[in-house]
Structure formats: structure tokens, C-alpha cells
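What follows is one structure encoded as C-alpha cells, with my remarks underneath.
The values are calculated or read from the model by the stated rules, or taken from the named source; none is laboratory data. For clarity, every value in this text was computed on a predicted model and none was experimentally measured. Here the Cβ positions follow ideal geometry from the backbone for every residue, glycine too, while neighbour counts run over all protein chains shown.
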Amino acid sequence: MRIVKRAEEMMATARPVVKLENAYKAFGGTPVLQGISIEVCPGEVVAIIGPSGGGKSTLLRCMTLLETLDQGSLTYGDIDVVIPGADGSAVYGTSDTLALARQRFGLVFQQFNLFPHMTVMRNIIDAPLVVQGRDRAEVERQARALIQDMGLEGCEEKVPYQLSGGQRQRASIARALCMNPQVLFFDEPTSALDPELTGEVLKVLRQLAAEDITMIVVTHEMSFAREVADRVVFIDEGCVVEEGSAEQVIGNPSEERTREFLLRSL
Ligand code: ADP
Ligand code: MG
């Protein structure tokens, strides 16, 4: 995949790209995250599975700074984004620190990722130009390569409503990749798509995984998780119930709750 690896990534370290520790989050007194820790190392693909309402989206939203943690710590490589305060409550870094951290990740949701009034090309190049202040010719070159990688040739000047759902998701992925993120987060990227279009998007995700793009993917697609994930994390009621290789967690779960969930997901 045509993303530019940054110098710091070239250094062979096992330092996690992102690390969340002991995260707590409640909405109106209702606990949603109850002491979750999760990390991902360079090149790793982590699949998050679990029942609806278990806190998976909230977890991703906290990790991508769309939602604030109540307690816990969050680091992106050497950037301390959230540290625990003296009373245990989450203390966020300065706006400059958060802006730096935001450059490290990309996020693809179920849908509504693209600006509806912008062409595919504009959607992809907008943030690299505006947020990262990069050179237009260089960004456009990368965008064209990504459009090709995503099988979107001919869609450059189309606006989102002219695309199929699968094309839209692939354009969203190209947009996220054009920021050269160190880690990509996906929140059920195929759950709004019908089976045929789901296949197109999973194919792109497999391609990313094969190219060692670091990813955290919330998914209901167990066969996909089993095939591409280096690690599977099962989350229920705001806690990590079980974590391990796909073979272990999906193939031979040790927790009753995981077994029940998997039986219902068949
Ligand atoms: P999942 O993605 O695993 O289905 P979510 O993180 O979306 O779970 O939701 C976990 C729980 O948090 C649910 O009970 C949901 O209703 C609640 N929740 C999520 N976002 C909010 C919010 N902004 N305000 C209040 N409750 C929320
Ligand atoms: Mg969700």
C-alpha cells in the first residue's frame, strides 16, 4: 500500500503504536468501559469482537479522541495523550499534543465517512493539504496511487452519492491512508453493506493486513477475524473477557461468555 512510513517507524522497536491502559468511561452514571487495556504493535492486526452494547465503539471513540476517558492512560508511541491524575481521573495533554496524536491514526466507521459535497479526490486530499500542510502535487500523486490500490479508477471526480456502498467504504479507506497513519481503526466497516459489497471491502482489508498496515478492527465477520487477525480481543460489558490468537479465542475459547457469543454469531 502506498503509504509513507515515517522514520520513527523504521526503527525496529516493539513499542506499541497505541496503548490504552485501565480505561474507564461512563455515560450518565452508566459504566461503559470498566478498566479496559489494549495495545497494538507495529504491523499487528487486532480484531475486536463482542456483543452489541458491549462498549466496542466507545472504546474506539476514546482511542481516537472523539470521546473523553474518565480514567486511564493513552499513549501513541512516545506521545502521552492521557495520563492518570493524582486522584485517578484522566488528564489530557495540551491541544498541540492531541493534534500530534491525531496525525498518528486514521478512522473508518460503518458509514458517513466522506464529505458528501466533495469529489472522491477532494475527500482524499483535503486533510493532507489542510491539516498536514503537505505539497499538493505530492499528495495528489499519493491519492492517485491509493485510488488505484482501492480499485476506484474512474471515480476520482464522482461525489459519494454516485458511488456504491462498497466504493464509498474503499474511498474512506483511501482517505484515511492518505494521512500516512501509523494505525488504522475500523468500526464495523462492513456492517452497513450487503454481502457482495462486504466482500469487496474485506478484500481491501486483507490486502492492508498482508502489507503489514497496523490495524484495530471491530468486526462481526468471524471468518475474516480468524483469517487476518494476529490477535482477537473479546469485549463484553466494558471489559476484556478474553484475548489471544484467533485460533484460541474464536477456535477454542476458554471463557463461557465467549463461547455463548460465538454460538450466537454463527
Ligand atoms: P458496541 O459498539 O459494542 O455496540 P457502544 O460502545 O456503542 O457498544 O455502546 C456501549 C454502551 O454505551 C451502550 O449501552 C450504549 O447505549 C452506551 N452509549 C454509547 N454512546 C453513548 C452516548 N454518547 N451517550 C450515552 N450512552 C452511550
Ligand atoms: Mg459499535
*Which numbered condition trips up Thr258, out of (1) within 30 Å of Leu177 (Cα to Cα); (2) among the β-branched types (Val, Ile, Thr); (3) away from ligand 2 (no atom under 16 Å from the Cβ)?*
(1)
*Report, by residue number, each residue of the range 202-236 that is within 20 Å of Gly166 (Cβ to Cβ) and in contact with a Phe, Trp or Tyr (Cβ under 9 Å, 6 or more places away or on another chain).*
Leu202, Leu205, Arg206, Met215, Val217, Val218, Thr219
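Every residue, every condition in (1) charged (D, E, K, R); (2) more than 16 Å from ligand 2 (Cβ to nearest atom); (3) over 17 Å from Leu98 (Cα atoms), yes or no:
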| site | (1), (2), (3) |
| --- | --- |
| Ala47 | no, no, yes |
| Gly54 | no, no, yes |
| Leu60 | no, no, no |
| Met63 | no, no, no |
| Thr68 | no, yes, no |
| Gly77 | no, yes, no |
| Asp87 | yes, yes, yes |
*From (1) modelled with pLDDT of 95 or more; (2) within 16 Å of ligand 1 (Cβ to nearest atom); (3) of a type outside the set (Lys, Arg), pick out the condition that doesn't hold for Val183.*
(2)
*Within the range 92-112, count every residue that is within 14 Å of Pro181 (Cα to Cα) and not in a helix (DSSP H, G or I).*
6
*Determine which member of the set Ala90, Ala47 is away from ligand 1 (no atom under 13 Å from the Cβ) and farther than 18 Å from Ile235 by Cα.*
Ala90
*In the range 189-236, what count of residues is obtained for those that are surrounded by 21 or more Cβ atoms within 10 Å (Cβ to Cβ) and within 16 Å of ligand 1 (Cβ to nearest atom)?*
12
*Which numbered condition Pro116 misses (of (1) in contact with a Phe, Trp or Tyr (Cβ under 9 Å, 6 or more places away or on another chain); (2) closer than 13 Å to Ile173 by Cα)*: (2)
*In this structure, is Ile124 farther than 27 Å from Met63 by Cα, more than 15 Å from the chain's Cα centre (by Cα), away from ligand 2 (no atom under 16 Å from the Cβ) and touching a residue at least 24 places away in the same chain (Cβ under 8 Å)?*
no
*asked:* I need a count of the residues in the range 237-260 that are touching an Asp or Glu at 6+ places or on another chain (Cβ under 7 Å) and either surrounded by 14 or more Cβ atoms within 10 Å (Cβ to Cβ) or not polar (S, T, N, Q) (or both).
replied: 7
*Matching entry among Glu138, Glu157, Glu153 (being exposed (fewer than 15 other Cβ atoms within 10 Å of the Cβ), touching a Pro at 6+ places or on another chain (Cβ under 9 Å) and of a type in the set (Asp, Glu))*: Glu138
*helices (runs of 4 or more DSSP H) wholly in the range 157-257 with at least 2 residues that are of a type outside the set (D, E, K, R) and over 23 Å from Leu59 (Cα atoms) - which ones?*
165-177, 195-210
